[in-house]
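The values are calculated or read from the model by the stated rules, or taken from the named source; none is laboratory data. Everything numeric in this text was worked out from a predicted model, so none of it was measured. Cβ coordinates were reconstructed from backbone atoms using ideal geometry, including for glycine residues, and neighbour counts include every protein chain displayed. All accessible areas refer to the heavy atoms of the entire protein, side chains included, with ligands and DNA or RNA removed. Shrake-Rupley method; radii C 1.70, N 1.55, O 1.52, S 1.80 Å.
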Amino acid sequence: PLANAPQECDKSKRTLLEDVFILKNPFSVEGKVTIVTGGGTGIGESIAKEFAARGAPVLIASRKVENLERVRDEIRKAGGKCEMTPVDVRDADQCDKMVAEAVKLFGRLDVLINNHGASITTPSMNLSPNGWRAVVGINLDGVFFCSKSAARQFMEQKSPGSIVNISSTAGVHGSPTMLPYGAAKAGVINLTVSHAGEWGPMGIRVNCIAPGPIDTEGAAPRVWPNPKVKEMVARSRALQRFGRVEEIAYPCIFLASDASSYVTGSLLIIDGGEGIMRG
Ligand code: NAP
């Protein structure tokens, strides 16, 4: 109703808040065609739902079709636009197909959220070459392949888009228990800066979020396997608690929207203030 308001209402009676929304909300993602990798669970599910709730047509993509179907159906039931496509981000051709699918379904692409990720907890001496390659392949190769496919589409449609890479604080501080994950996530931070530099002249923005502990089913068994460790992790940050999935989704909205039009190559650490406690 607010979108139609300017013609209908007496301007002098509008509140300041209404004015801001009527003029143009710079934080809007309405109509922005968005791909969310790993959109069938955890943080990705929240990102997909928050974007769709704000009028973004969303394509969710990962390997497990049953998770994607559930999230797609829930978004549609809530009145949002959502489609799904299976992808293994380790395969560059599948990433190309994922982007082509978004264009086929929605006519264009505006936003890519590289949210997919996976890890194993193993000391270096027990880590096989295949284990190393699998984790680096998903977390780092996957971000490169998806980003390349999306940027090519942005260039072809001659309308720059925004890429948001989900790294991790393990990529900032390292991780003695998840080495390939930490190394790959550090690579994602570096790749963000390089892509921002390479594609910035074309108006394409590339930014990175490094979450700290966010309470998801995917992360819990690996990172805080029991209540004692969980308590320790919570206490190790200024806010003394875990993050919620929406606390990553909202900053993604900011980085995808025009509100962040001069932000590129940046790293946003969202960890409840861990560094403060280390210092
Ligand atoms: P999650 O629920 O396990 O999410 C990971 C997603 O990645 C899954 O939906 C999974 O879907 C997808 N994925 C894994 N391998 C894939 C592949 N080869 N191709 C395509 N998709 C693949 O865990 P989460 O906690 O929400 O994590 C989301 C992101 O946040 C990850 O990048 C993670 O590293 C990062 N992060 C999380 C935390 C945390 O505390 N939760 C902290 C820092 C960073 P399929 O299995 O269907 O493929």
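Between their Cα atoms, which of Lys64/Lys230; Lys32/Lys81; Lys81/Lys158; Lys49/Lys77; Lys97/Lys185; Lys185/Lys230 are more than 18 Å away from each other? Don't skip to the end; give the middle numbers.
Numbers: Lys64/Lys230 28 Å; Lys32/Lys81 11 Å; Lys81/Lys158 24 Å; Lys49/Lys77 11 Å; Lys97/Lys185 24 Å; Lys185/Lys230 22 Å.
Violating the 18 Å limit, Cα to Cα: Lys64/Lys230; Lys81/Lys158; Lys97/Lys185; Lys185/Lys230.
Ordered by packing density, taken as the mean number of other Cβ atoms within 10 Å over each peptide's residues, highest first, how do 271-277, 140-146, 201-207 rank?
Numbers: 271-277: 16.7, 140-146: 23.6, 201-207: 18.9.
Per-residue mean Cβ counts within 10 Å order the peptides as 140-146, 201-207, 271-277.
I'd like the carbon and sulfur percentage of the solvent accessible area for segment 159-245, probe radius 1.4 Å, heavy atoms only, ligands and nucleic acids excluded. Mind dumping the intermediate values first?
On the way: 2260 of 3810 Å².
Carbon with sulfur: 59 percent of the solvent-accessible area.
Calculate for the chain the 222 nm mean residue ellipticity that helices alone would give, adding -39,500 (n - 2.57) per DSSP H run of length 4 or more and normalising by residue count, nearest 500 deg cm²/dmol.
Details: 13 runs with 130 residues, N = 279.
Calculated at 222 nm, the ellipticity per residue is -13500 deg cm²/dmol.
Given charges of +1 on the Cβ of Lys and Arg and -1 on the Cβ of Asp and Glu, with all other atoms neutral, how large is the dipole of the chain about its Cα centre, in debye to the nearest 20?
Details: 32 positive and 29 negative charges, 61 e Å.
Charge dipole of the chain: 300 debye, to the nearest 20.
Compute the helix-to-body angle for 246-256: its Cα long axis versus the longest principal axis of the chain, expressed 0 to 90° and rounded to tens.
60
Dipole of the chain (Lys/Arg Cβ +1, Asp/Glu Cβ -1, origin at the Cα centre): which of Gly171, Ala134, Pro160 lies farthest to the positive side?
Gly171
Taking 7 Å along the Cα-to-C-beta vector as the label spot, tell me the Glu246-Lys104 distance in nanometres, rounded to one decimal.
3.5
Under the Karplus relation 6.51 cos²θ - 1.76 cosθ + 1.60, θ = phi - 60°, what is the ordered set of whole-Hz ³J(HN,Hα) values for segment 120-125, x standing for Gly and Pro?
9, 9, 8, x, 3, 5
Quick check for you: with a 1.4 Å probe and neighbouring chains kept, what is the accessible area per residue of the chain, in Å²? Walk me through the numbers before you get to the answer.
Working: 13920 Å² over 279 residues.
Solvent-accessible surface per residue comes out at 50 Å².
If I take R0 = 22 Å and measure r between the Cβ atoms of Asp258 and Glu156 in this structure, what FRET efficiency does the formula 1/(1 + (r/R0)^6) give, to the nearest 0.05?
The formula returns an efficiency of 0.55 here.
Which ³J(HN,Hα) values, rounded to whole Hz and listed in residue order, are derived for segment 77-85 from phi using the Karplus coefficients 6.51, -1.76 and 1.60 in 6.51 cos²θ - 1.76 cosθ + 1.60 with θ = phi - 60°, glycine and proline given as x?
Using θ = phi - 60°, the values come out as 4, 7, x, x, 9, 8, 10, 9, 8 Hz.
Determine ³J(HN,Hα), in whole Hz, for all residues of segment 217-230 in sequence, where each value follows from phi through the Karplus function 6.51 cos²θ - 1.76 cosθ + 1.60 and θ = phi - 60°; x replaces Gly and Pro.
With coefficients 6.51, -1.76 and 1.60, one gets 5, x, 8, 3, x, 7, 9, 9, x, 8, x, 5, 5, 4 Hz.
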